[in-house]
Amino acid sequence: MAQPRSGRRHLLLGAGALGLGALAAPPVLGQAKPFAGQTLNGAAFQSTFFEYLRAFFPEFEERTGAKLNFNTQAFPVYNQRTDLELSTRGSALDVINVTFIYSGRWIGAGWLTNLSEFVNDRNKTDPAWDAADFVSGAQSAMQDAQGNTFGFAWEAGAMLMAASRADLIDQAGKALPKTFDELIAVCDAVQGKENMSAFVADQLHHWNWIPYLMGYGGKVFRDPPANLTPLLGTPEAVRAAGWYANLLSKYGPSGVLSFSDDQAMRTQIAGRANIRTQAITWLVPLAKHADSTVKNTVRYALMPEGPAGNFPGSNSHGLGIPIGSRKKELAWEFIKWALSKEMLNRIVETRGYPSVCRRSVITGQAFKEALTLNGQDVASLYLQVLELGGKSGYMKYRTVPVFPQVGDTINRGIARIATRQQDAEASMRQAQQDAIQVLQRAGVTLDAN
């Protein structure tokens, strides 16, 4: 049932507006600030969430007395640097993004702090912060087999389809595509219209391509997490890889194979590319961003389905604390503040952030209003994707500790096909062999054939 909308004034004046638990009471004049003189060093990959949150950083600094040094980088750069820092158990970072595809590796290696200890300590966490409010599906990647929590999710990345210039699709006598075949037909019909590319994506093929792989009946692994034998050279995988590489090379803008998430988003915002299938976080700005030229023409839908069904990507990223941090208590205060009900509601109400992971916010009226985009109820699409991802567990492949290495082989395989260095069969056969090698080096037992 939808909850009554809380007004902005109410949220700002509420005693827990900053979600600081033990620090929730307004500061008394002259009172020493608990973390005065400290600097909290944080890092994450680029995301609209951290853009929105940054506007509130002065409030956290004022209340705690600490300074925030929070940097964001492109997705692959952040992951590479953070993986190296964590592997040395260094103290350079105090709070980090726990990336979905690295969560199994980072948690399994003991590189993250067990946050359950903070949650269960009432001197450090007010029960009203309500850790149980985080949607279990989003939290599953942040926990170990024993149920200990090493991160709290700030994003549930439900993959949708957005057409920035749906009007051009209408003019071509087409509808938003519901199948892979229809997607190609629509791209054919609108390619080059008003100097627009029909399709755009970023370079993380190990995220963008997998729904198409599964739609053609393929898999990354045989039966994750129990059986990690790769299946990248199967006929289904070859067909899906060739199909997707053609989508990029034939209908994508110049340079698309090197696009970051942000570059792909801004290409759509500027009206230079039409269709994209990606996590909702990168699609909502088409209707909301101040620089968007397509606010009145964008339209949303579930991503198209293939012969084997519909498998939109569904992931989650969280905030966690490196085991080597020397400022764990301050880092925990930041996590509580950033992911409190009050702060997330404020970001939803003021900026329309679409990927929250707290159930109370998702079911609230503010979220539904925020995700009414160009007159369309996108909140219902978001929930449909989360439900699809939770029913069959088809996203399990992505949280096994070795997936990042296998993901790199996928990226290279798709790129070889799209740049015509190899045909689909040869490239995916090589990807299969590369994946087998990295898995064997990691000590993973594979099937004989």
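Of the residues that make up the stretch 136-143, is at least one touching a helix residue (DSSP H, G or I) at 6+ places or on another chain (Cβ under 7 Å) and either part of a loop (DSSP other than H, G, I, E, B) or at pLDDT 95 or above (or both)?
Step one: list which residues in the stretch 136-143 are touching a helix residue (DSSP H, G or I) at 6+ places or on another chain (Cβ under 7 Å), which gives 137, 141-142.
Next cut, either part of a loop (DSSP other than H, G, I, E, B) or at pLDDT 95 or above (or both) only: none.
No, the stretch 136-143 has no match at all.
Among the residues of the stretch 169-200, those that are more than 12 Å from Asn274 (Cβ to Cβ) and touching a residue at least 40 places away in the same chain (Cβ under 8 Å) comprise Lys178, Thr179, Phe180, Glu182, Ile184.
Looking across the stretch 366-382, the residues that are open to solvent by 60 Å² or more (accessible area, probe 1.4 Å) and either touching a Ser or Thr at 6+ places or on another chain (Cβ under 7 Å) or in contact (Cβ under 8 Å) with a residue 40 or more places away in the chain (or both) come down to Lys368, Glu369, Asn374.
So that you can scan it fast, the table gives a plain yes or no per residue for (1) modelled with pLDDT of 95 or more; (2) among the small types (Gly, Ala, Ser); (3) outside any helix (DSSP H, G or I):
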{"residue": "Ala17", "(1), (2), (3)": "no, yes, yes"}
{"residue": "Pro27", "(1), (2), (3)": "no, no, yes"}
{"residue": "Ala43", "(1), (2), (3)": "yes, yes, yes"}
{"residue": "Pro58", "(1), (2), (3)": "yes, no, no"}
{"residue": "Glu61", "(1), (2), (3)": "yes, no, no"}
{"residue": "Glu85", "(1), (2), (3)": "yes, no, no"}
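Scanning the stretch 213-232 for residues that are open to solvent by less than 20 Å² (accessible area, probe 1.4 Å) and out of contact with any Leu (no Cβ under 8 Å at 6 or more places or on another chain) yields a total of 3.
Give me the residue from the stretch 396-429 that is over 22 Å from the mean Cα position of the chain (by Cα) and farther than 20 Å from Asn208 by Cβ and, out of that set, least open to solvent (accessible area, probe 1.4 Å). Residue satisfying both the conditions and the ranking: Ala426. Given (1) within 21 Å of the chain's Cα centre (by Cα); (2) farther than 18 Å from Phe150 by Cα, where does Phe100 come up short, assuming only one miss? Condition not satisfied by Phe100: (2). The set of residues in the stretch 170-201 being within 17 Å of Pro253 (Cβ to Cβ), open to solvent by 30 Å² or more (accessible area, probe 1.4 Å) and either in a loop (DSSP other than H, G, I, E, B) or touching a strand residue (DSSP E or B) at 6+ places or on another chain (Cβ under 9 Å) (or both) consists of Asp188, Gln191, Gly192, Lys193. The set of residues in the stretch 386-444 being touching a residue at least 40 places away in the same chain (Cβ under 8 Å) and not in a helix (DSSP H, G or I) consists of Tyr394, Met395, Val400, Pro401, Val402, Thr419, Arg420, Asp423, Ala442, Val444.
Say we look at the stretch 117-169 and pick out the residues that are open to solvent by 60 Å² or more (accessible area, probe 1.4 Å) and aliphatic (A, V, I, L, M); which of these is farthest from Gln384 (Cα to Cα)? If we take residues in the stretch 117-169 being open to solvent by 60 Å² or more (accessible area, probe 1.4 Å) and aliphatic (A, V, I, L, M), then Ala128 is farthest from Gln384 (Cα to Cα).
The values are calculated or read from the model by the stated rules, or taken from the named source; none is laboratory data. This one's a predicted model, so the numbers in the text were calculated from it and none came from an experiment. Neighbour counts run over all protein chains shown; Cβ positions are idealised from the backbone, glycine included. These area figures cover heavy atoms from the full protein model, side chains too; ligands, DNA and RNA do not enter into them. Shrake-Rupley method; radii C 1.70, N 1.55, O 1.52, S 1.80 Å.
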